[in-house]
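First the structure, in the form of structure tokens, and then the observations on it.
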């Protein structure tokens, strides 16, 4: 079975309005999701994009998450196990930043088959560029409207 392909990105403006964007490709269908939050960071938006994508996909399907966030990929592959064992403290004994989202991401991903892939941001990767545009658009619109939002764009053929 081919994995569902998930592409994620996050964005944060100077006024701390953030946005997240997701492109989900499953067989011949493509789905796009985006949303925004206030008083946030880019790392939180990167994480929230992955969370929203995983919550949208059937938990029994294998997925490949492609992100341009080394923070998210390393967190899931390298740091998470140690954080859990240490009571959510870093190796320096400090509380893990964004532990609320790490715990949520851990719970969502614990029973799934997920492959993590990193791609360099702004390097011309079609779906990563689209996820970035969705994230930037969501943060920009929310900042202008002073209102958080979540949007789901209709399923459409994914094309070549």
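Bear in mind that the values in this text are calculations on the coordinates, not laboratory data. The model shown is predicted, which means the values in this text are computed figures rather than measured ones. As a convention, Cβ positions derive from the backbone with ideal geometry for all residues, glycine included, and neighbour counts pool all protein chains shown.
May I ask you to verify whether residue 16 is touching a helix residue (DSSP H, G or I) at 6+ places or on another chain (Cβ under 7 Å), in contact (Cβ under 8 Å) with a residue 24 or more places away in the chain and either assigned to a helix (DSSP H, G or I) or under 20 Å from residue 143 (Cβ atoms) (or both)?
It is false that residue 16 is touching a helix residue (DSSP H, G or I) at 6+ places or on another chain (Cβ under 7 Å), in contact (Cβ under 8 Å) with a residue 24 or more places away in the chain and either assigned to a helix (DSSP H, G or I) or under 20 Å from residue 143 (Cβ atoms) (or both).
Tally time: how many residues in region 57-66 are free of Cβ contacts under 8 Å to residues at least 60 places away in the same chain and closer than 23 Å to residue 135 by Cβ?
2
Can residue 33 be described as buried (at least 22 other Cβ atoms within 10 Å of the Cβ), farther than 18 Å from residue 102 by Cα and over 9 Å from the mean Cα position of the chain (by Cα)?
Criteria met by residue 33.
Could you list all residues from region 30-48 that are outside any strand (DSSP E or B) and over 13 Å from residue 13 (Cα atoms)?
46, 47, 48
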